Amino acid sequence: MNTMRIIQVHPSGWGFRERNAGTTFTPWGCNYYDPATGWAPRIWEQFDPARVGEHLDHIQALGANTIRVFSTIQNLLESPRRVRAAGIAKMMKMLALAETRGLRVIWSGPSGWEGKPDWWRENAPYEVCARDDLMAALETAWRGMGRAFRGHPALFAYDLQNEPYAPSLPTPAMNQRWARWRATHAPDAPESLPPPPAREGERWLTAVHRFREDLATEYVRRMATAVRETDDTHLVTIGMHQKSVPFDWYPPDSYIAFNPHRMTAYLDYTSIHFYPHHNWHPNLYRDPCETSDGMQETLWHARAICRYMHIPGKPLVMEECGWYSGGNVPIGGREQPWRSEEQQTDWCTRLVKATRGDVCGWLFWPYRDTPTASDFSRGSGLYTADGKLKDWGRAFARLAPRITAGRPVRTTASRTLALPWAELVTEPDGVKSFRAQYLDLFRRGKVVDFAI
């Protein structure tokens with residue numbers, strides 16, 4: 001008889017447990033899509049329950065207990081106000097497949113991986129955060145999921161969006177929002193939203209980023225409220241990119257402006273994605289596979305990201321992480337060096353061990369190598385493209401019993417570092433100097449928290 005129960009936050013505020021049982025639960029698993037459906041994956045458009053079940057067997061065999069799966073706009077919505085019943089039925093089938101294998105599912109999305117319908121028109125990436133019509137459509141999707149999945153024991157959580165980014169381009173919708181926000185919060189700022197990169201003085205740029213944070217927070221509030229209107233039984237999180245952290249960007253990137261510390265009322269736990277960052281910014285981050293110093297600095301940086309992302313009283317999950325092996329892959333517009341399976345295992349294992357006192361679970365990317373992928377998904381799986389278990393898959397299975405046996409203990413900080421938000425989100429040199437400060441503290445054996 002299946003005894004799977006709904007997961008809730010542990011009463012201590014750190015970790016998880018099964019409801020009405022007290023059994024602790026530590027998420028350990030991977031991000032799943034069907035690699036046989038091309039790139040970007042069309043998991044729902046080409047949904048094959050038999051093949052998905054076979055894949056979940058592979059994941060279960062390694063001792064995993066959780067998978068994260070993208071929901072999509074195309075699968076969920078027939079129109080801005082109508083949920084697609086056939087799409088919900090496919091998702092319900094996946095929950096059933098997971099439940100029979102003792103796996104819990106995080107629904108992430110709804111995303112555009114399978115394309116977007118004709119009526120979904122954005123004038124710029126991520127403009128949804130400034131558009132009432134598009135947010136209302138997503139609210140329809142979340143309410144539909146909530147009605148369908150309320151009380152389902154195999155569902156772990158709803159992940160409101162994958163790696164969200166607060167919009168910054170001055171589209172008509174953004175300019176309307178900016179005008180209202182500016183009138184109340186920054187009347188001396190430019191009347192039109194400055195296009196990035198905004199360089200009209202730190203004061204104006206700070207106002208722009210606060211405006212973007214307010215858009216992001218309102219987006220999260222609306223999505224979380226829509227979920228809870230129909231499902232008050234499951235947890236809510238959002239899968240934040242590491243560049244959501246104000247000391248993890250550098251030009252030509254910009255601050256993402258999804259600030260977890262302004263969203264505490266809407267999230268049950270926080271989620272962070274972390275990968276080695278040297279490919280995008282070799283002038284700032286060192287390659288962990290090239291030198292021992294590079295490895296150590298990257299692990300300390302991962303810890304700093306996690307320590308910043310923690311909201312007191314709420315767990316933190318590393319919801320996406322990993323690295324690649326078995327070939328060359330494109331990252332940041334460049335072909336990256338060949339990596340061995342042993343190097344992939346070394347990085348992933350070290351990351352888990354380094355962050356055991358900072359997070360309450362780990363989900364790696366992805367389940368299986370995907371040769372059609374246009375990024376490092378080509379070689380970052382637990383299994384090869386033809387289903388052969390990789391060295392990292394074997395190491396993952398060895399780690400599983402220790403990870404899932406009990407609730408992690410959060411390491412207490414020995415040093416708190418003041419976080420100069422305005423400087424960090426506006427000054428690249430400030431990011432560099434702040435990074436040097438916390439790396440030096442970790443180098444001296446300190447565990448760092450940040451005064452937000």
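The values are calculated or read from the model by the stated rules, or taken from the named source; none is laboratory data. Model, not experiment: these values are computed from the prediction. Glycine gets a Cβ as well: all are built from the backbone with ideal geometry, and neighbour counts include every protein chain shown.
Structure above, values below:
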| read-out | value |
| --- | --- |
| Residue ID - surrounded by the most Cβ atoms within 10 Å (Cβ to Cβ), chosen from residues in the range 364-398 that are without any contact (Cβ under 8 Å) to a residue 12 or more places away in the chain and in a loop (DSSP other than H, G, I, E, B) | K388 |
| Extreme residue, surrounded by the fewest Cβ atoms within 10 Å (Cβ to Cβ), among residues of the range 150-174 that are part of a loop (DSSP other than H, G, I, E, B), among the small types (G, A, S) and at pLDDT 95 or above | G151 |
| Residue satisfying condition, being more than 26 Å from the chain's Cα centre (by Cα), assigned to a helix (DSSP H, G or I) and touching a residue at least 40 places away in the same chain (Cβ under 8 Å), within set R182, R147, R177 | R177 |
| Residue in the range 147-161 that is over 30 Å from G63 (Cα atoms) and not β-branched (V, I, T) present | yes |
| Unmet criterion (only one of (1) surrounded by 18 or more Cβ atoms within 10 Å (Cβ to Cβ); (2) of a type outside the set (V, I, T); (3) closer than 17 Å to Y33 by Cα) for D358 | (3) |
| Criterion: within 22 Å of the chain's Cα centre (by Cα) and at negative phi - qualifying residue of T206, T230, T217 | T217 |
| Qualifying strands (runs of 3 or more DSSP E) (wholly inside the range 295-357; at least 1 residues being among the β-branched types (V, I, T) and more than 24 Å from Q161 (Cα to Cα)) | 327-331 |
| Test: V409 is farther than 30 Å from H55 by Cβ, part of a helix (DSSP H, G or I) and either within 24 Å of the chain's Cα centre (by Cα) or among the polar types (S, T, N, Q) (or both) | no |
| Subset of the range 216-264 (residues that are polar (S, T, N, Q), more than 20 Å from L417 (Cα to Cα) and surrounded by 23 or more Cβ atoms within 10 Å (Cβ to Cβ)) | T237 |
| Qualifying residue in the range 392-401 (condition: more than 18 Å from S325 (Cβ to Cβ) and out of contact with any helix residue (DSSP H, G or I) (no Cβ under 8 Å at 6 or more places or on another chain)) | yes |
| Residue check, D268 assigned to a loop (DSSP other than H, G, I, E, B), among the acidic types (D, E) and closer than 23 Å to I67 by Cβ | yes |
| Pair list, Cβ under 7 Å, 6 or more apart: the range 20-39 residue in contact (Cβ under 8 Å) with a residue 40 or more places away in the chain and in a loop (DSSP other than H, G, I, E, B), other residue among the small types (G, A, S) and surrounded by fewer than 17 Cβ atoms within 10 Å (Cβ to Cβ) | W39/S374 |
| Qualifying residue in the range 412-422 (condition: touching a residue at least 24 places away in the same chain (Cβ under 8 Å) and among the basic types (K, R)) | yes |
| Test set (1) of a type outside the set (S, T, Y); (2) surrounded by fewer than 23 Cβ atoms within 10 Å (Cβ to Cβ); (3) over 25 Å from S271 (Cα atoms) - L193 fails condition number | (2) |
| Residue in the range 251-267 that is among the small types (G, A, S) and within 30 Å of P371 (Cα to Cα) present | no |
| So F434, is it in contact with a Pro (Cβ under 8 Å, 6 or more places away or on another chain), in contact (Cβ under 8 Å) with a residue 60 or more places away in the chain and surrounded by 18 or more Cβ atoms within 10 Å (Cβ to Cβ) | yes |
| Qualifying residues in the range 117-132 (those that are in a helix (DSSP H, G or I) and of a type in the set (A, V, I, L, M, F, W, C)) - the one farthest from P41 (Cα to Cα) | A130 |
| Subset tally (residues that are surrounded by fewer than 15 Cβ atoms within 10 Å (Cβ to Cβ) and either of a type in the set (S, T, Y) or modelled with pLDDT under 95 (or both)) for the range 410-427 | 4 |
| Yes/no for A137 being touching a Pro at 6+ places or on another chain (Cβ under 7 Å), of a type in the set (G, A, S) and farther than 25 Å from W39 by Cβ | yes |
| Only listed residue being under 21 Å from the mean Cα position of the chain (by Cα), at pLDDT 95 or above and closer than 16 Å to I272 by Cβ, chosen from G357, G381 | G357 |
| Members of the range 40-60 found to be β-branched (V, I, T) and part of a helix (DSSP H, G or I), listed by number | V52, I59 |
| In the range 437-452, the residues that are touching a residue at least 12 places away in the same chain (Cβ under 8 Å) and either assigned to a helix (DSSP H, G or I) or under 25 Å from R262 (Cα atoms) (or both) | Q437, Y438, L439, L441, F442, R443, V447, V448, D449, F450, A451, I452 |
| D287 vs. criteria over 30 Å from V409 (Cβ atoms), of a type in the set (D, E), in a loop (DSSP other than H, G, I, E, B) and out of contact with any Asp or Glu (no Cβ under 8 Å at 6 or more places or on another chain) | yes |
